[in-house]
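This report concerns only the one structure given below.
The values are calculated or read from the model by the stated rules, or taken from the named source; none is laboratory data. Here the structure is a predicted model, which means the values were calculated and not measured. Glycine also receives a Cβ, built like all others from the backbone with ideal geometry; neighbour counts cover every protein chain displayed. Note: accessible area is taken over every heavy atom of the protein model, side chains too, but ligands, DNA and RNA are not part of it. Shrake-Rupley method; radii C 1.70, N 1.55, O 1.52, S 1.80 Å.
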Amino acid sequence: MRFLKHVLALMSLSLGLVAATASASPANPVLGTDYTQLPQKLVTDTAGKKIQVTEFFWYSCPHCNALEPTLEAWLAKQGDKIIFKRVPVQFDPRFIPQQKLYYTLEALNLVSTMHAKVFNAIHVERQALDTDDNILAWVVKQGIDKAKFSAMYNSFAVNTEVKKALQMEEAYKIDSVPYFAIDGLYMTSPLDASKSLPSNVADSVLFAATMQTIDSLIAKAEALENTKVAKTPAKK
């Protein structure tokens, strides 16, 4: 079953089943070890104006939850250097309620205050935020207007975002989470970063290495963009 394949991939990260690769490092990531490259660059929302970093995630994923504090700290240091985009995945139709939850929070400008709370509710408080009814009951307890949330949750706009998310997931060939796309071309994840580290490394080290790899790939993407600009003939 497809769902089990993703779970097993995530479990392998925790168990440290991937051997270390001496030639690779987060500061000097190696293609095929620390990151992969898509055959063709995909169109991003920034259209070359800024580097876009896209996180594919799932609220119920324990690794996405564990990574979140490191990711938030990294984002705080980026300022307006990059454009960051979150994409909730749909490995199974049962993921749709959580996709709608994220896009509703985004539409209501509540991601900054509620995103971490969703992770906490699921992974610390052990609440089952996996159905429409459970999600609605939970958000009402958080002080969010029930009618306003419900209208957006069931709106055409949110359902459209869910469809777009699935299209992106398929275009980037996402088969595990968390996974990151840098400028529509480079792909990396904690699972990839673990290949350059000793087995059974602490999560804090693994996640720091992941973000350092992303920093290196951002620099690589910027260099590529600058090369394209330099090669573009000046208009007369």
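Odds and ends about this structure:
- Cβ-based net charge around Ser112, under 11 Å, with every Lys or Arg adding one and every Asp or Glu removing one: -1
- Normalising the average separation of contacting C-alpha pairs (under 8 angstrom, six or more residues apart) by the number of residues puts the relative contact order of the chain at 37 percent.
- Convex hull volume of the Cα atoms of segment 35-226, normalised per residue: 123 Å³.
- Here's how it looks for Val87: its modeled amide H is under 5 Å from those of Glu55, Phe56, Phe57, which are all 5 or more places away or on a different chain.
- With respect to the chain, whose longest principal axis is taken over its alpha-carbon atoms, helix 2-15 is tilted by about 60°.
- Our estimate of slack between Leu42 and Arg94, defined as 0.36 nm per intervening residue step minus the Cα-Cα distance, is 16.0 nm.
- Ranked packing of 219-225, 133-139, most packed first, by mean Cβ within 10 Å: 133-139, 219-225
- Estimated FRET transfer efficiency when R0 is 25 angstrom, pair Leu108-Ala128 (beta carbons, to 0.05): 0.65
- For segment 63-98, the residues whose backbone nitrogen is under 17 Å from a point 7 Å from the Cα of Ser204, taken along Cα to Cβ, are 66-74.
- Kirkwood-based Rg to Rh ratio, segment 115-186, C-alpha trace: 1.04
- Among 158-168, 89-99, 184-194, the peptide with the highest mean count of other Cβ atoms within 10 Å heads the list, and the full ranking is 184-194, 89-99, 158-168.
- Cα centroid separation, segment 161-231 to segment 88-138 (Å): 23
- Helix-derived mean residue ellipticity, 222 nm - over the chain, DSSP H n ≥ 4, -39500 (n - 2.57), to 500: -16500 deg cm²/dmol
- Seen against the Cα atoms of the chain and their longest principal axis, helix 203-231 is set at about 60 degrees.
- The chain: angle of helix 62-78 to the longest principal axis, Cα-based, in degrees nearest 10: 60
- What the chain shows is 51 Å² of accessible area per residue, with the surface traced by a 1.4 Å probe over protein heavy atoms.
- Compared with the direct C-alpha span, the chain from Val30 to Lys148 gains 37.7 nm at full extension, assuming 0.36 nm per residue.
- Each peptide in 115-124, 70-79 receives the mean, over its residues, of other Cβ atoms within 10 Å, and ordering these scores from highest gives 115-124, 70-79.
- Subset of Lys49/Lys146; Lys117/Lys148; Lys41/Lys117 violating a 29 Å alpha-carbon distance limit: Lys49/Lys146; Lys41/Lys117
- ³J(HN,Hα), Karplus 6.51/-1.76/1.60, whole Hz, each residue of segment 175-192, x for Gly, Pro: 10, 7, 9, x, 9, 10, 10, 10, 6, x, 9, 9, 10, 8, 7, x, 4, 5
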